[in-house]
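The values are calculated or read from the model by the stated rules, or taken from the named source; none is laboratory data. Note that this is a predicted model, so its numbers are computed, not measured. Positions of Cβ are generated from backbone atoms using ideal geometry, with glycine treated the same way; all protein chains shown enter the neighbour counts.
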C-alpha cells in the first residue's frame with residue numbers, strides 16, 4: 001500500500017494502480033486499496049474501471065456517502081444521470097444573492 005502511495009506522489013499513476021491491483025491486501029475487501037485504485041481510474045477518466053472498484057466497496061457498506069458521491073459524479077460525467085436524479089437541485093444564483 002505504501003509503495004502505491006509513493007508512486008502516486010511521484011506522479012506515476014500506472015505503477016500505483018499495478019501495486020494496488022496486485023497487493024494481496026487489496027483482495028477482496030480492502031476498502032483503502034480499492035478507493036485509491038478507483039481514484040486513479042477516475043483521474044484517468046477510466047470510468048467503468050473506477051465504478052467497478054466503487055461498486056466492490058459498496059457491497060460492504062451500501063450506505064457509505066463517500067462511495068455513493070463518487071459513483072454519482074461518474075454517472076454525471078458519463079452523462080448517464082442529471083443532478084436532479086440524486087435529489088440535488090441546482091439553481092442559478094440570483095443577482096441579489098451575489
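Would you check if there is a residue in the range 83-97 being in a helix (DSSP H, G or I), modelled with pLDDT of 80 or more, loosely packed, with under 15 Cβ neighbours inside 10 Å and touching a helix residue (DSSP H, G or I) at 6+ places or on another chain (Cβ under 8 Å)? Break it down into steps so the answer makes sense when it comes.
Here is the first cut: in the range 83-97, the ones in a helix (DSSP H, G or I) are 83-86, 95-97.
Then drop every residue that is not modelled with pLDDT of 80 or more, which leaves none.
No, because not a single residue in the range 83-97 is in a helix (DSSP H, G or I), modelled with pLDDT of 80 or more, loosely packed, with under 15 Cβ neighbours inside 10 Å and touching a helix residue (DSSP H, G or I) at 6+ places or on another chain (Cβ under 8 Å).
Residues to consider are 3, 65, 37; find the one that is out of contact with any helix residue (DSSP H, G or I) (no Cβ under 8 Å at 6 or more places or on another chain) and modelled with pLDDT of 80 or more. Break it down into steps so the answer makes sense when it comes.
Numbers: 3 fails: out of contact with any helix residue (DSSP H, G or I) (no Cβ under 8 Å at 6 or more places or on another chain); 37 fails: out of contact with any helix residue (DSSP H, G or I) (no Cβ under 8 Å at 6 or more places or on another chain).
Of 3, 65, 37, the one residue that is out of contact with any helix residue (DSSP H, G or I) (no Cβ under 8 Å at 6 or more places or on another chain) and modelled with pLDDT of 80 or more is 65.
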